[in-house]
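So the structure is just underneath, and the comments pick up after that.
Rule-based calculations on the coordinates, nothing more; no lab input. No experiment lies behind these values; they were computed from the predicted model shown. No Cβ is skipped: glycine too gets one built from the backbone with ideal geometry, and neighbour counts run over all protein chains shown.
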Amino acid sequence: MGKALCEASPAARACFELADRALGFLLSKLCFEGPLDELTLTKNAQPAILTASIAALNAWREATPSLPAPSFAAGHSLGEYSALVAAGALRFEDAVRIVHLRGQAMQEAVPEGRGAMAAIMGGEPEQVAALCAEAAHGDVLSPANFNSPGQIVISGTAAAVARAVELAPSQKLKAIPLKVSAPFHSALMAPAARAVEAALARVEIGSLAFPVVANVDARPNADRARVAELLVRQVDGPVRWQESIAFMAEAGVTRAYEIGPGKVLAGLVKRIDKRISVEARFDPASLAMAANG
């Protein structure tokens with residue numbers, strides 16, 4: 001992941017080198033060579049995705065020095081850290097260390113096998129919330145990611161998620177269990193939220209060059225004093241991605257760029273509001289195309 005980008009861009013290569021120094025191990029080697037099962041551990045995947053995303057952004061800025069500042073930035077879950085680095089609120093080195101800790105803390109918050117997540121397809125938020133309430137039976141279970149119309153991810157104890165998956169068809173909903181290592185964005189992540197809070201207290205938050213739409217309230221934030229609070233609430237609170245995109249569309253955004261590996265967010269945006277067109281900026285070809293106008 002990111003190897004071709006580093007070979008094509010000195011700015012991208014410098015980003016991976018900075019991550020290696022900040023973390024004290026060769027994240028770059030893990031990204032470029034694997035093994036995949038180690039790279040996908042959340043404690044490694046989180047800093048890897050952040051680094052690859054900021055490397056792509058730096059490569060784009062390198063190729064297009066006159067790149068204008070965006071009206072807004074936003075990121076889904078972990079991606080909010082990339083957005084904040086882009087806006088200047090977090091130093092990259094601080095961010096990569098925090099998300100490494102964030103991944104470890106999330107994994108350690110719940111013993112393996114005790115938590116789960118599932119995608120619920122075809123339901124409105126109220127319907128999915130009611131499903132969670134019916135299936136909980138006193139366990140933790142709640143909507144975790146409001147991704148797009150008809151796609152809401154739920155998170156909680158493994159037993160509660162299993163009950164929700166079983167109940168879903170009777171309510172004309174489709175449930176797809178997800179292969180995840182922990183019940184992210186649920187109340188079970190409270191210990192991880194406290195760990196992130198302590199880590200953020202040790203770093204300096206800078207001024208934001210442009211607003212970042214926060215996951216937890218789907219509203220733009222340009223106040224440096226609120227950055228840490230919003231990131232802490234994000235750990236055990238739901239990701240309001242659909243509302244975030246809807247806000248930006250209503251604010252007049254018509255073009256957006258997905259910076260980092262994959263095109264999942266572009267697909268979600270298309271389903272949320274077709275007024276916003278999304279282009280990818282990650283591989284050398286897309287960056288060269290952007291630099292040439």
C-alpha long axis of helix 42-63 to longest principal axis of the chain, angle in °: 40 degrees
Only Lys, Arg (+1) and Asp, Glu (-1) charged, at Cβ; the chain dipole about Cα centre in debye: 320 debye
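With N set to the number of residues, divide the alpha-carbon radius of gyration of segment 39-190 by 2.2 N^0.38 Å and report two decimals. List each step's numbers first, then the result.
Numbers: Rg = 17.9 Å, N = 152, 2.2 N^0.38 = 14.8 Å.
Rounded to two decimals, the normalised Rg is 1.21.
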Square roots of five times the Cα gyration tensor eigenvalues for segment 115-180, Å: 15, 12, 10
Descending principal axes extents, the chain, alpha-carbon based, whole Å: 54, 42, 37
